[in-house]
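Trainee: Here it is, the structure, as structure tokens.
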Amino acid sequence: MGARGGRERDTLANAAEFRKVFRKGRAVRTRRLVIHTLSREDREKGRYGLVVSKKVGRAVERNRVRRRLRAAIELAGGIPRGVDAVLVARPNGRPAVAEMTADIAAVMEKLPGRASREEA
């Protein structure tokens, strides 16, 4: 188990990976989030990155939003295999985990290959 509780391969590792998703992927906008997705050629575990700008609030609030996003991703069933996703929090209020889970699940259900989600 590595740093951050073993999640290191669930997340996008560097700025180049984020840029690739932003430039080549598709974006879906919801009231609370903008979710950018990009399918990969491999069928490896789905990965994600989080973007929470200073417009959302001070550090405590941004970290709270990040924790809620991670919980929402897990509750929504995770990111499908072979998909990279970047979730951008919009600066409008304090969304509950259930609201973000519904948004994430709705977007992930529309992705190709959703039936092959990794079992936890």
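We did not get these values from a lab; they are worked out from the coordinates using the rules stated. These figures come from a predicted structure and were not determined experimentally. Cβ atoms come from the backbone with ideal geometry, glycine included; neighbour counts cover every protein chain shown.
Trainee: Which one, V83, S39, P95, projects farthest toward the positive side of the charge dipole computed for the chain from Cβ point charges (K/R +1, D/E -1)?
Mentor: P95
Trainee: Just how many pairs of Lys in the chain have C-alpha atoms closer than 23 Å, counting pairs that are eight or more places apart or on different chains?
Mentor: Pairs that pass both the separation and distance tests number 6.
Trainee: What shape does the chain have by the C-alpha gyration tensor, where a ≥ b ≥ c are the square roots of the eigenvalues, rounded means a/c under 1.5, and otherwise prolate means a/b greater than b/c and oblate the rest?
Mentor: Verdict is rounded for the chain.
Trainee: So, R0 is 30 Å and r is the distance between the beta-carbons of A71 and R26; what FRET efficiency does that work out to, to 0.05?
Mentor: Plugging the Cβ-Cβ distance into 1/(1 + (r/R0)^6) gives 0.80.
Trainee: Subtracting the Cα-Cα distance from 0.36 nm times the residue separation, let me have the gained length for R40 to R64 in nm, one decimal.
Mentor: Additional length available on full extension: 5.7 nm.
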